[in-house]
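In what follows, a structure is listed as structure tokens, so that the remarks can point back to it.
The values are calculated or read from the model by the stated rules, or taken from the named source; none is laboratory data. All values reported here derive from a predicted model rather than from experimental measurement. In this analysis, Cβ positions are derived from the backbone assuming ideal geometry, glycine residues included, and neighbour counts consider all displayed protein chains. These accessible areas exclude ligands, DNA and RNA; they are computed on the full protein's heavy atoms, side chains included. Shrake-Rupley method; radii C 1.70, N 1.55, O 1.52, S 1.80 Å.
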Amino acid sequence: MSREAKVLMLYTGGTIGMILQENGSYHPFSLENLMRQIPEISQFDCSIDTDSFDDPIDSSNMLPEHWQRIALRIKEDYGLYDAFLILHGSDTMAYTSSALSFMLGNLSKPVILTGSQLPIGIPRSDARENILSSLEIALARNDEGGPLVPEVAVYFEYDLYRGNRVQKVSAEDFEAFQSPNYPKLAEAGVSIKYNRNYIARAKAGALQVKLDLDPRVGIIHCFPGMTAELVLPQILNPQVQALIIRSFGAGNAPSQNWLIEALAQVCLSGTPVINVSQCSAGTVEMTKYEAGRKYHEIGLIGAADMTFEAALCKTMFLLGQNLKGEEFKLAFCENLKGEVSI
Ligand code: ASP
């Protein structure tokens with residue numbers, strides 16, 4: 001690239017820019033404060049525009065409306081920038097990165113999310129390294145001069161992950177994220193080593209942003225001792241447009257008749273019922289055990305090795321496209337954005 005690269009850095013909130021209040025809790029603070037703490041950023045050979053949510057939030061308060069706001073901003077400014085850096089709370093970062101991966105079609109520029117476990121103003125904070133390395137990755141070019149990471153990715157504690165493959169696994173360690181079923185896209189040591197075979201290729205054609213999401217998804221978390229009285233009202237709730245069953249192991253669930261019959265009724269009505277394992281690593285294979293086979297037979301859709309976050313956001317996205325019944329199932333089982341190994 002002959003001209004100077006341009007990056008948009010969007011601060012949504014999260015620990016990275018928080019300050020400690022008198023009551024001892026962290027509260028999201030301003031972008032100005034954040035930028036003051038990293039003067040090294042001016043050493044990058046690029047121009048960086050910054051912007052912030054009007055009211056930066058703890059990511060526990062993220063909503064599909066916020067994902068839409070981020071996607072819309074990328075859409076509006078896509079021609080102006082070479083890369084987008086999203087500063088975000090780590091708690092729900094995996095949901096936002098999953099949702100954005102589905103909403104941003106034909107992506108050919110990096111969209112890198114990062115955050116930190118400690119606010120940037122604290123001496124031992126991980127924020128500075130996370131921001132500076134994310135920026136370096138956002139600016140990295142391949143041999144043809146195109147962006148090296150033209151996909152939605154999460155950078156945290158020396159590792160870059162595919163955005164729809166990552167999960168937050170620790171509230172304590174700086175290494176807060178893992179990608180249980182897909183290799184890291186890059187590792188930052190003295191130099192940043194890219195795992196090029198696993199990074200998505202830039203898509204040709206114009207960016208296609210789909211903003212519609214339907215969050216009316218019911219979640220049933222299986223556990224030993226779950227009772228019909230408590231669980232059936234949610235399974236049979238007419239508001240629910242899709243159900244996700246958080247099963248055991250390879251996609252198994254209790255073989256009680258009330259559960260099988262209720263889920264069979266929901267499947268028959270055309271409402272998608274998706275089977276996502278409580279295990280992060282591995283894949284849903286409902287026919288492996290008798291305790292899973294029954295659910296396969298009544299029509300549950302296996303999420304294979306998708307993370308829960310990716311399966312949930314994909315469900316909201318496909319419902320948002322008004323897909324139902326067999327159409328939903330076909331699209332859900334397809335590998336849309338590298339979120340599933342098939
Ligand atoms: N509660 C914070 C958030 O997700 C945690 C963090 O940023 O690490 O906004």
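A few points about this structure:
- Considering 86, 70, the condition of being farther than 27 Å from residue 172 by Cβ and modelled with pLDDT of 95 or more is satisfied by 70 alone.
- Restricting the range 45-73 to residues that are farther than 29 Å from residue 317 by Cα and open to solvent by 40 Å² or more (accessible area, probe 1.4 Å), the residue that is nearest to the ligand (Cβ to nearest atom): 48
- Residues in the range 86-141 that are buried (at least 24 other Cβ atoms within 10 Å of the Cβ), more than 28 Å from residue 203 (Cβ to Cβ) and more than 10 Å from the ligand (Cβ to nearest atom): 120 alone.
- Only a single item in (1) assigned to a strand (DSSP E or B); (2) surrounded by fewer than 18 Cβ atoms within 10 Å (Cβ to Cβ); (3) hydroxyl-bearing (Ser, Thr, Tyr) is not met by residue 42, and it is number (1).
- So residue 23, is it touching a residue at least 24 places away in the same chain (Cβ under 8 Å), within 16 Å of the ligand (Cβ to nearest atom), surrounded by fewer than 17 Cβ atoms within 10 Å (Cβ to Cβ) and not in a strand (DSSP E or B): no
- Contact annotation: residue pairs with Cβ atoms under 7 Å, 6 or more positions apart or on different chains, pairing a residue in the range 62-82 that is charged (D, E, K, R) with a partner that is assigned to a loop (DSSP other than H, G, I, E, B), are 75/207; 82/109.
The rows are residues; the columns are (1) small (Gly, Ala, Ser); (2) touching a helix residue (DSSP H, G or I) at 6+ places or on another chain (Cβ under 7 Å).
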residue: 214; (1), (2): no, yes
residue: 221; (1), (2): no, no
residue: 224; (1), (2): no, no
residue: 232; (1), (2): no, yes
residue: 243; (1), (2): no, yes
residue: 255; (1), (2): yes, yes
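- Condition met for residue 37 (buried (at least 18 other Cβ atoms within 10 Å of the Cβ), touching an Asp or Glu at 6+ places or on another chain (Cβ under 6 Å) and under 28 Å from residue 170 (Cβ atoms)): no
- 1 or more residues open to solvent by 60 Å² or more (accessible area, probe 1.4 Å): qualifying strands (runs of 3 or more DSSP E) within the range 208-279: 217-221
- All positions within the range 171-204 that are more than 16 Å from residue 337 (Cα to Cα) and in a loop (DSSP other than H, G, I, E, B): 171, 172, 173, 174, 175, 176, 180, 189, 190, 191, 195
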